[in-house]
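A quick write-up on the structure given underneath.
The values are calculated or read from the model by the stated rules, or taken from the named source; none is laboratory data. Computed from a predicted model, the values in this text were never measured in an experiment. Cβ placement follows ideal geometry from the backbone for every residue including glycine, while neighbour counts extend to all protein chains displayed. The accessibility values were calculated without ligands, DNA or RNA, using every heavy atom of the protein model including side chains. Shrake-Rupley method; radii C 1.70, N 1.55, O 1.52, S 1.80 Å.
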Amino acid sequence: EPGAPAPEPGRRLINSDDLFDIRQQAEFFVSLGQTDQAVRILENRISESGESSPLAYLDLMKIFHSLGLKADFRQVREDFNQLFNVRVPEFAGFDHEGRSLDEYPAILATLVSVWGKPEVLANIEALLFRDQWNPQPDPVDLAAFRDLLLLHAVAHATPSLPDTLQEATERSIPRSPFSPASKFLPQA
């Protein structure tokens, strides 16, 4: 979209601000019982920028599920599963989203180790998106996928720590400000 910053090389853009407005419009039409209009809005968003709109897919599946439209649900689910590294339940079990992120200890350990560092977004995106050219980690359950989307939004909105501050937070033993090795005191 014009005026939007280009993602860094190797990064994928998830545009949550723009998507928020579209999701609110769709929710409004659903509340009025105009689900066809809500479907149209979400389908248009997906056709324009599907990979950057995982929540639009989820909203669309939710609408199709609530209306009992199994064939439409199945098609959106298949498209979604081709783009994203997630196990979306079949129609009958759609309300059962499975395990949340806290039930994936290896993934959590990796994310904790890179949290606050520039590579956190790339790590989360590697878990969210399918990559046909590289071996994929096992898909996560839908509940964990939603958790990853939330963490991506938080990491994207939180600037990484400057290098000197990052180094200071990684120290295991606090140093005295009067220590000759202190880089915070002017050198004589």
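Odds and ends about this structure:
- Taking region 28-53 as the range and being modelled with pLDDT under 90, in a helix (DSSP H, G or I) and under 24 Å from residue 144 (Cβ atoms) as the test, the residues that pass are 45, 46, 49, 50, 51, 52.
- Test: residue in region 152-169 that is at pLDDT below 90, in contact with a Lys or Arg (Cβ under 8 Å, 6 or more places away or on another chain), open to solvent by 30 Å² or more (accessible area, probe 1.4 Å) and closer than 15 Å to residue 107 by Cα: no
- Test: residue 183 is over 30 Å from residue 94 (Cβ atoms), charged (D, E, K, R), over 14 Å from the mean Cα position of the chain (by Cα) and at pLDDT 90 or above: no
- For region 22-77, filtered to residues that are under 23 Å from the mean Cα position of the chain (by Cα) and among the acidic types (Asp, Glu), the residue that is surrounded by the most Cβ atoms within 10 Å (Cβ to Cβ) is 59.
- Of all residues in region 109-135, those satisfying the criterion of being closer than 27 Å to residue 90 by Cα and open to solvent by less than 60 Å² (accessible area, probe 1.4 Å) are 124, 125, 126, 127, 128, 129, 131.
- Selection over region 74-97 of residues that are farther than 28 Å from residue 134 by Cα and in a helix (DSSP H, G or I) gives a count of 3.
- Test: residue in region 136-147 that is among the basic types (Lys, Arg) and surrounded by fewer than 16 Cβ atoms within 10 Å (Cβ to Cβ): no
- Some residue of region 98-105 being surrounded by 17 or more Cβ atoms within 10 Å (Cβ to Cβ), at negative phi and part of a helix (DSSP H, G or I): yes
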